[in-house]
Amino acid sequence: MIKYVIGNWKLNPATLADATALAHAISLASKQASCHIGCCPTFLHFGAVKEILKDSSVWVGAQDVCAFGKMGAFTGDVSATQVVDMGANFTLIGHSERRSYHGETNVVLADKIRHAIDVGLVVVLCIGETKTQYDQGETLAVLDEQLSVLHGLDVPKQQLLIAYEPVWAIGTGLTPTVDEVAITHRHIKANLASQGIDDVGVLYGGSVNDNNAKELATCEVIDGALVGGASLKAESFSLIAQAFS
Ligand code: 13P
């Protein structure tokens, strides 16, 4: 399976100039990597970044889409229909920062997934346990509950990727061991298979950097990386992409 390295820029960078500079650098980096590369700029920077990357192989994705509808009276929201019109290939759904800061539950996430799938986006569904849940040995049960959002949605496997991101590993410099990630990814794949969804890529996210990417990439059940902080530095992102190539 081809591997994926996706940069989640979150609420960065501060200026359009920095966003476009990063897009140009990623365009160059993509020529040195054979994995599938993607990035998720903010909605405000989306159009300019897509314009720079439109003739490259780099996917540009949304960080989120509106749950309520595709058009209408939803102040402050951006819809799946609009991001497709702007050239998006995929969208993140259910990132832990959306779950914690915006209180997103499976009910809301199911609506988002439905809208995204309807308009042809690939959904990168983000799941992961907190530190307390990890310490209490609840990781796999938490992931099962988060994956239950897919029940009854009939998501085509070509439109789905999973990103396993332990909340305690995001932005902390802490990571599970590769063996722990492997156990978790095998569990996720088994869960999906039990729902009739086979051959879906499972990415790891949480403090991936150019030092640990090589070891993660050697594991056969880690199908790529979802990268936060290190995706904002073109050189680190490029090295991570090369590790997964
Ligand atoms: P960091 O790579 O900064 O830990 O962030 C991971 C993440 O949340 C990607 O979605």
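Over the Cα atoms of the stretch 77-218, what is the Rg over Rh ratio if Rh follows Kirkwood?
On the way: Rg = 15.0 Å, Rh = 15.7 Å.
Rg divided by Rh gives 0.96.
Apply the Kirkwood formula to the stretch 177-234: the hydrodynamic radius equals the inverse of the mean of 1/r over all pairs of different alpha-carbon atoms; give it in Å with one decimal.
Values: mean 1/r = 0.0825 Å⁻¹.
12.1 Å is the Kirkwood radius here.
Rounded to the nearest 500 deg cm²/dmol, what is the calculated helix-only ellipticity per residue at 222 nm for the chain, with -39500 (n - 2.57) per DSSP H run of length n ≥ 4?
-11500 deg cm²/dmol
When the accessible area of the stretch 148-220 is computed with all protein chains present and a 1.4 Å probe, what percentage of it is carbon and sulfur?
Taking all protein chains in place, the stretch 148-220 shows 47 percent carbon and sulfur surface.
Would you please put 65-71, 201-207 in order of how densely packed they are, using the mean number of other Cβ atoms within 10 angstrom per residue and starting with the highest?
Those peptides, ordered most packed to least, come out 201-207, 65-71.
What nm distance separates the two modelled labels at residue 101 and residue 131, each placed 7 Å from Cα along Cα→Cβ?
1.9
Starting from the Cα of residue 157, draw a straight line to each of the lysines and keep only those under 28 Å, dropping any in the same chain fewer than 8 residues away.
The reachable lysines, counting only those whose Cα sits under 28 Å from residue 157, are 3, 10, 31, 50, 54, 70, 112, 189, 214.
Calculate, for residue 71 and residue 193, the FRET efficiency according to 1/(1 + (r/R0)^6) with r their C-beta to C-beta distance and R0 35 Å; round to the nearest 0.05. The partial results should precede the final answer.
Numbers: r = 36 Å, r/R0 = 1.03.
It comes out at approximately 0.45.
What translational diffusion coefficient, in µm²/s and rounded to a whole number, does the Stokes-Einstein relation yield for the stretch 87-129 at 20 °C and a viscosity of 1.002 mPa s, taking the hydrodynamic radius as the Kirkwood radius over Cα pairs?
202
Over the Cα atoms, compute the radius of gyration (one decimal) and Dmax (the largest Cα-Cα distance, rounded to a whole number) for the chain, in Å.
Computed over the Cα atoms of the chain, radius of gyration and Dmax are 16.7, 47 Å.
Under the Karplus relation 6.51 cos²θ - 1.76 cosθ + 1.60, θ = phi - 60°, what is the ordered set of whole-Hz ³J(HN,Hα) values for the stretch 47-57, x standing for Gly and Pro?
For the stretch 47-57, the Karplus-derived couplings read x, 5, 5, 4, 4, 5, 9, 5, 9, 9, 8 Hz, x marking Gly and Pro.
Take the alpha-carbon positions of the stretch 1-74, form their convex hull, and give its projected area averaged over all directions (one quarter of the hull surface) in nm².
For the Cα atoms of the stretch 1-74, the hull's average projected area reads 6.1 nm².
Mind checking the per residue accessible area of the chain for me, 1.4 Å probe, whole number of Å²?
I get 44 Å² per residue for this part.
Restricting to the stretch 1-93, compute how many DSSP beta bridges are antiparallel as a %, nearest 5. Don't jump to the answer; show the numbers that get you there.
On the way: 0 of 9 bridges.
If I count the DSSP bridges inside the stretch 1-93, around 0 percent turn out antiparallel.
Tell me which residues come under 5 Å, amide H to amide H, from residue 38 once H is placed; ignore anything under 5 positions away on its chain.
Amide H neighbours of residue 38, under 5 Å, 5+ apart: 5, 6, 7, 59.
Could you work out what % of the accessible surface of the stretch 1-122 is carbon and sulfur, using a 1.4 angstrom probe and leaving DNA, RNA and ligands out of the count?
Details: 3280 of 5680 Å².
Using a 1.4 Å probe with all protein chains present, the stretch 1-122 comes out at 58 percent carbon and sulfur.
Gain in length, residue 44 to residue 140, computed as 0.36 nm per residue apart minus the alpha-carbon separation, to one decimal in nm?
30.9 nm
Among 231, 56, 79, determine the one that fluctuates most according to a GNM of the chain built with springs between C-alpha atoms less than 10 Å apart.
56
Would you kindly derive the ³J(HN,Hα) couplings of the stretch 104-120 from the backbone phi angles with the Karplus curve 6.51 cos²θ - 1.76 cosθ + 1.60 (θ = phi - 60°), listing them in order in whole Hz, with x for Gly and Pro?
Values, residue by residue: 6, 10, 4, 5, 5, 5, 4, 5, 4, 4, 4, 5, 5, 5, 3, 9, x Hz.
The values are calculated or read from the model by the stated rules, or taken from the named source; none is laboratory data. Computed from a predicted structure; not experimentally measured. Cβ coordinates were reconstructed from backbone atoms using ideal geometry, including for glycine residues, and neighbour counts include every protein chain displayed. For accessibility, only protein heavy atoms count, side chains too; no ligands or nucleic acids. Shrake-Rupley method; radii C 1.70, N 1.55, O 1.52, S 1.80 Å.
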